[in-house]
1. Could you please let me know if A:Arg285 is closer than 30 Å to A:Glu398 by Cα, open to solvent by 50 Å² or more (accessible area, probe 1.4 Å), within 14 Å of chain B (Cβ to nearest Cβ) and out of contact with any strand residue (DSSP E or B) (no Cβ under 8 Å at 6 or more places or on another chain)?
2. Could you tell me which residue of the stretch A:649-676 is farthest from A:Leu691 (Cα to Cα), considering only residues that are without any contact (Cβ under 8 Å) to a residue 24 or more places away in the chain and open to solvent by 70 Å² or more (accessible area, probe 1.4 Å)?
3. Answer yes or no as to whether B:Val94 is among the β-branched types (Val, Ile, Thr), within 12 Å of chain A (Cβ to nearest Cβ), part of a helix (DSSP H, G or I) and in contact with a Leu (Cβ under 9 Å, 6 or more places away or on another chain).
4. Identify all residues within the stretch A:827-840 that are of a type in the set (A, V, I, L, M) and closer than 15 Å to A:Ile766 by Cβ; write none if there are none.
5. Considering the stretch B:1-28 alone, what residues qualify as being open to solvent by 40 Å² or more (accessible area, probe 1.4 Å), within 8 Å of another protein chain (Cβ to nearest Cβ) and touching a residue at least 24 places away in the same chain (Cβ under 8 Å)?
6. Condition check: touching a residue at least 24 places away in the same chain (Cβ under 8 Å), part of a helix (DSSP H, G or I) and either open to solvent by 40 Å² or more (accessible area, probe 1.4 Å) or of a type in the set (Lys, Arg) (or both). Does A:Lys342 satisfy that?
7. Kindly indicate whether any position in the stretch A:533-541 is under 19 Å from A:Phe663 (Cα atoms), open to solvent by 50 Å² or more (accessible area, probe 1.4 Å) and within 31 Å of the chain's Cα centre (by Cα).
8. How many residues are farther than 24 Å from A:Pro838 by Cβ and either away from chain B (no Cβ under 14 Å) or of a type in the set (Gly, Ala, Ser) (or both) when one looks only at the stretch A:365-422?
Amino acid sequence: MPSSNPLPTQEANLFKKILRCYEQKQYRKALQHVKEILKKFPDHGETLSMKGLILNYTNKKAEAFECAQKGLKNDVRSHVCWHVYGLLQRADRKYDEAIKCYRNALRWDPENLQILRDLSLLQIQIRDLEGYRDTRYQLLQLRPTQRVSWIGYAMSYHLLNDYDIANHILEEFCKTQPKTVDFEMSELLLYQNMVYQEAGLYERSLKHLEENKKYILDKLRLEEKRAFAFIKLKKLSEAAKIYEDLIERNPDNVTYFKKLEECLNLENDEERLEFYKKHAEKYPRSDVPRKMPLVFLNNMSEFKLRLDAYLKRAFTKGIPPLFKELKCLYTNENKLKAIEEKVLSFEKNLESIQKYSGDCEQKESPTTLLWVYYYLAQHFDYLKQTNKALDYINKAIEYTPTLVELYMVKGKIYKHAGDLYEAVRWLDEAQSLDTADRFINYKCSKYMLRANMVKEAEEIASKFTRESSHPADYLKEMQCMWYETESANAYKRMGKFGEALKKCHQVERHFQEIIEDQFDFHSYCMRKMTLCSYVEMLRLEDKIKSHPFFFRAAKTAIEVYLRLHDRPMSEVENELNVNTENLTPSELKKLKNKQKKQQLKAQQEKEKQEQLEQKKKELSKQKNKEDVDVEQPTEEELLPEKLERPENALEECNRFLKPLEEFASQHLETHYLGFEVYYRKNRPLMMIKALKKMNSLERTVKQTAKFHYCLSKFLLKYSQIKETLNESVRAVVENELKNLNPSSESVEKMNEKFFKENSNTYESLIEYAKVLYDSNPSQNQAKALDLLTNVDAKNEKLSISYPVALEALTLVAEAEYFGKCDAKVVESLRSKLKSFYPIANIFHTTEEQANQLLSCMQVLSINSSQVSELTDKMEILMNVLKILVFFLKLVKFSSNYPIVLNTWPFTNATNKAWDILLKTDDPLKSVESGCSECEELRCDGTVGYGGSPDENGETTLDALIMDGRTHDAGSVAGLRRIKNVISVARAVMEHTKHTLLVGDLATQFAIDMGFQQQDLHYFDSLEKYIIWLNNSCQPNFRLNVYPDPEKFCGPYKPIKNLNFLSNKEKRLNKYVSKKLHDTIGMIAINSYGDISVGTSTNGASHKIPGGAYVDNDVGAACGTGDGDTLMKFLPSYQVVESMRRGMTPSEATNDAIQRIIKKKPHFMGALIAADKYGNHGASCHGLEYFEYSYRTNQSRDAEIGRVKCI
Amino acid sequence: MQSIDLGDITVHNIKQLKKLNQVVFPVSYNDKFYKDVLDLGPLAKLAYFNDIVVGGVCCRIDLTENKRRLYIMTLGCLQPYRKYGIGRMLLNHVLNYCEKDGNFESVYLHVQINNEVAIEFYKKFGFEIVEKKEQYYKRIEPSDAFVLKKSFGKK
């Protein structure tokens, strides 16, 4: 080796040892030898360079570069020093620099094989094809006997599309090769044939294949290539023969069938049908010849015939993806109808006679009906008939609750209707039924991300990640890109833009890694002779960023950057940090202190974590010191805090936008994003370019609207900046505008025209409104908003898809496109959109959404026992809330307990219960004493002793108490002679296994329990009784007896043989009025959120009072009013269950009352309810207003709530 | 087209058994029951009809009263899939297990006294009513149960 600075023998030997150690990756040993040499020759260039190389492998990059540079400076004529420096540059991914270094090295040692090979690898990596060809030529000259030299040289021409030379080289080389039957020969021949076919030499290709038939081992590829060549040569009958054979090999390959059809030149549908019929007979197990006719047949009677056979076969067999198979037919209205009709008739017949139809001989097995239900659920989901779809899927689940797929479809139906939380719930159910199924696991975690449940998604995904590493790290390492993109979208929705960008950048890096990973294949594929695959791989890598994964991540990233450009983070944050305007100075101070503390804490924690990580790193470094193999340069860490505060957000877009423009220019979305970026950059020519691209592409309705928007926006902008542009630019723009806006209308006119033509789709409406606003913000704000809000769910002409509805709300509320607008406007838009998608979470109020989220969390199968996790959930919840509060600016939401709630404005009782609750924190005791207070005070005359006398003039008492903590209840009815009826009810709960004791036995029980017997008559109850007797015993609660109870006093006898229906109305207690008939119902929630409920009355007749129910996980409800009617509806239970399903207390009580008055329109009464967060509400009917009282921490006295009755 | 197979119960599909039992039996079993089922090996099986879980059996070895008996805790099949031989297959599996083992004195189980279909079913396999246990079930009516037993010849 020529070196300007040769070492003496001893050191030269040491140097050789260094090289050997390096090759064997014994870096520490190598470094020892380096040290020995440098002791004597501290400036020896090559040794210094080697030191640099080794240091680079032990992760000391900076030092490595320093050494290598020093080495090079000391010995610029050494190929070793240049080579090493090149290797370092290559490891740092500076390929251009590396190539320069290699070239320098070759100057001093032009025939160094190793350097030439390294150079050729770099050249093919960066696709310097000419350079590659030259290097391969040199390598061939130096090593003409090696196979790789020839093939590499030929391939370099092939990649340059110089087929003649490539073929020539390959032919020459093949002449020298003895023909052998082995894999490598076979691959070489196939590669040679690939070049023939690409060169268009089909005759030669066919001849070549014929000649070498027995040497080509991949028979399938051989036949496919032959068929392809025959088609190209228009020898269709030969090609057809081959495709027949190929179909025999694989009768499920659609392409073969299509090609064969092409070869046979089938004229019309009849011929095609005949063709497929024949093949269906020949291949009884194949699906393709049965399905294809369904796609092309236009003759409906024939279609129905084929469909019938196809469906029967599929349902009997039980093919889960059947719906997916047939979805392609749904674009044809007639076919859709035919399918629906057919499957519905199957359903009917299978249910009744277990056959597809009366004339079928064979009975179907029970699974057939199951698959029919399953299909219908998906069918109606597709048609957006959510309720029908749910009916069918529930039917299926009831029929066979063990089939996992059913729960997935159920979740999907909810997802399509926008109820993301309910969707998560069912996917989680599916996942828990088969925890070994990775597909379901993936689906579940994806659904969670869609509902912004990032932590939960990670936890579910972690069931399939390696235990030793953190799931997020593992998923990153595995380049699990769908997960990262979905996470990014979730973070984006939650306003965590830094986190969102981090995930997008990770995806971008994965693509970079994939491109880097080619490196290993350049030498490997040559050596192993997998040449066709290698060329295909190179071509794939060339356009790898056209992959949908990249597109999705890039789109999200650009959208986030645009948002950060429009409203940078610091500003946004201030807005998020609570509405400070409404706070008093002292409160503000408190808040600020709190924030400071939080910040401090966060900082400390972060430092701690950093220290920990540092330690970990050091530890792992020590461990791996010997064998670290860090070829990749350490990448800059992606820090969310930094990412969300970019110096120039628009410039950051380039990393994502440029590849999209290069590889995904067929997507209109690409140019839409580009337009938005260039618009903000004030680049008219780039905007024009984007518009031109959009104009040249085929557009859907939505895309047409987007194009209209961009064009209008450009025109508006152009009229502003026109004067500032230089003349040539202006000329170009004007020229292009002639094509884009041929009639050169004003924006306003263009917009109106657009509106007239497209007013029946909401997506067009949105863009119209946007342009309207932009053209004159101050004047058109109200009109634009009105346009979006004034849509009617009953208008069948107007279709609003869920994503578009969502877009509208986001636009108005979150992005504030139409400027800041009144909360009422947002609210009315929200509720209007809700009428289109009634169960979509996003169109509910903040409070409702929070409840929906929480109730979803409760049913998830993953354990949420750890406190940290709980706080995480709260964090997610708070984030949801923060954003929503931020854009809806509507509701203040917090937990309101402890709280005491009471039907009717009996404030004394409320205050008593509150005092006890504060003292004891026992909700049961609180309810008991609150009701007792009322019994003692004889609230309203209808609670407690001496109230409403019964027919015998005696006052009897009813009460019920229920403890949410244990879900136990106790009650008494018709209790005589005991005053403290609620306490007796509690005794029933605590000292018996019963829940209800009645009448004298109840009294006896109470006496046993130590209650005092006393006369419950009170002066006015006696008086009342006498008045009642004198009034011919009116009001009267008897029915269907004689003498007529509405006119006379008893004794009465029953009337037999009644037509009960005619009595419907009479059964209502029409005498019930507010004064006559009250019950106290009470709900108490303590500081832990435990709930109790109680109710007490003397009633209007012998019955359990109004009813009360509590579920500690949900909330409680109780009723008052016409208890006899209430009992028939279990409204308290209904209210609690409705709250469980996400209704607010007000909605739930409202709903329950509606259910009652649907059947009993004259009902009088009210319901109150509280959910477990202490939110409360009430509804009533038959009165004008209903008042109830409650007390919380917020007030010093009981407050009165007032609701208007339905 | 019908196929019936038996499959193992694992930690991955145990919840399917739970779903099944919830609809098939009026009694609900606690978490411990399902935890223990995982250790039963061949004494617990799921039945698949056209690859869908529709039935299951869980037994345990009872060593009380100085005897070695097999006790069938649950054996059931979803309603729409009855009369297709699924119960028979499950019970045969249990009986074969006993036969192979050779050391069981008997196999027995409890049936609610009004469950005539079940009683008929077991009688076909040589089970006999040997005892009536009053108040056997706590939360369902009727609360009485028959003990059905099939003895094996040798002791």
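The values are calculated or read from the model by the stated rules, or taken from the named source; none is laboratory data. It should be emphasised that the depicted structure is a prediction, and the values quoted were computed from it without experimental measurement. Cβ placement follows ideal geometry from the backbone for every residue including glycine, while neighbour counts extend to all protein chains displayed. All accessible areas refer to the heavy atoms of the entire protein, side chains included, with ligands and DNA or RNA removed. Shrake-Rupley method; radii C 1.70, N 1.55, O 1.52, S 1.80 Å.
1. No: the conditions fail for A:Arg285.
2. Selected residue: A:Glu651.
3. Against the criterion (among the β-branched types (Val, Ile, Thr), within 12 Å of chain A (Cβ to nearest Cβ), part of a helix (DSSP H, G or I) and in contact with a Leu (Cβ under 9 Å, 6 or more places away or on another chain)), B:Val94 does not qualify.
4. A:Leu829, A:Leu833
5. Hits for the stretch B:1-28 are B:Met1, B:Gln2, B:Thr10, B:Val11, B:Val23.
6. For A:Lys342, the condition - touching a residue at least 24 places away in the same chain (Cβ under 8 Å), part of a helix (DSSP H, G or I) and either open to solvent by 40 Å² or more (accessible area, probe 1.4 Å) or of a type in the set (Lys, Arg) (or both) - is met.
7. Yes, the stretch A:533-541 contains a residue that is under 19 Å from A:Phe663 (Cα atoms), open to solvent by 50 Å² or more (accessible area, probe 1.4 Å) and within 31 Å of the chain's Cα centre (by Cα).
8. Total meeting the criteria: 2.
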